[in-house]
Amino acid sequence: MKVWVNGRICDEDDARVSPFDHGLLTGDGVFETVRAYRGRPFALERHLARLKASGDGLGLQVPAAEVLTDGVNEAIEANGLSEARVRITVTGGRSPLGSVRGADDPLVIVAAAPHTDYDPDVAVAIAPWPKSERSAVAGLKTTSYAENVVALAWARQRDAGEALFANLAGNLCEGTGTNLFLVVDGRLVTPPLSSGCLAGVTRALLVETLDIEEVDVPPSALANASEAFLSSTTREVHPIRSVDGDLLAQCPGPETERAASAFRALVEAEVGDVRGYYN
């Protein structure tokens, strides 16, 4: 594969990251994953705005949106991709060993790869470790993903495709790479940003488009939900089949199908006809 590193396209094997890079040493970095349909990135402006917000939260300088837009398009084109996922990563750059960031410029990488479809639905498991909604990096999309890696491995050992976290208050927060929606007493709800969840781009588009309430969600509400789904850039709207091994009443239910149709319409409005992708 070819990658875009600090403004230029190079072969994957020629890309170099210093062993003193602060992202490698400490997880000092931010990132975004963008979906491309028919070779065109979707909701890129929103992703870049969130990347900057995450960078601001870490005190990390993120390149201008115009620069990163060029990088995304160049990475897609250089690899000849149509249906793709694109990862934009910005790290603290070369730094001393330890937590103090160095004076070098940030390292910026844009990598693209073919999009891989998920199964039609997903089993989820509620992780035994809470996430802190009071963390200094709560709500930021940082490269410090170790707890997500551990939780997802734990879920897969239990034949689940995603792990969900509760927060310190005992309410559901988010998945390892997803936001959560569920139907409770006929209402479509999602945890609020105050729960500590990431402000997902797909989540925001759905909340802006549909009648969705942002309310605290205890784990028992999910277990008793009539239907539920995950959202993310790569999963889009992904129906939940079961929670901790217990099947939900409907999968997909009518609200899940409505959300999927609404999201599909948003994609088509921005990047054009994608019916071939959804067949």
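The values are calculated or read from the model by the stated rules, or taken from the named source; none is laboratory data. These numbers were taken from a predicted model, which means no experiment stands behind them. Heads up, the Cβs are rebuilt from the backbone with ideal geometry, glycines too, and the neighbour counts pull from every protein chain shown. Heads up: the accessible areas ignore ligands, DNA and RNA and are worked out on the full protein's heavy atoms, side chains in. Shrake-Rupley method; radii C 1.70, N 1.55, O 1.52, S 1.80 Å.
General remarks:
- Protection-proxy order for peptides 83-89, 260-266, each taking the mean of Cβ atoms within 10 Å per residue, highest first: 83-89, 260-266
- Prolate/oblate/rounded call for the stretch 111-151, Cα gyration tensor, a/c under 1.5 rounded: oblate
- From the alpha carbon centroid of the stretch 187-213 to that of the stretch 85-140 is 20 Å.
- Residue-normalised accessible area of the chain, expressed per residue, 1.4 Å probe, Å²: 47 Å²
- Volume in Å³ per residue [convex hull over Cα atoms, computed for the stretch 18-171]: 142 Å³
- Helix-derived mean residue ellipticity, 222 nm - over the chain, DSSP H n ≥ 4, -39500 (n - 2.57), to 500: -8500 deg cm²/dmol
- Cα-based equivalent ellipsoid of the stretch 94-196: semi-axis lengths in Å, sorted from largest, via gyration tensor: 29, 19, 14
- With the convex hull drawn around the C-alpha atoms of the stretch 44-130, the volume per residue stands at 168 Å³.
- Cα pair distances in the chain, grouped into 5 Å bins until the bin that holds the longest one, percent each: 1, 6, 12, 16, 18, 17, 14, 9, 5, 2, 0, 0
- Cross-link partners of Lys52 among lysines, defined as those whose alpha carbon lies under 22 angstrom from its own and excluding same-chain residues fewer than eight positions apart: Lys141.
- Over the C-alpha atoms of the stretch 112-268, the Rg to Rh ratio, Rh being the Kirkwood estimate, stands at 0.93.
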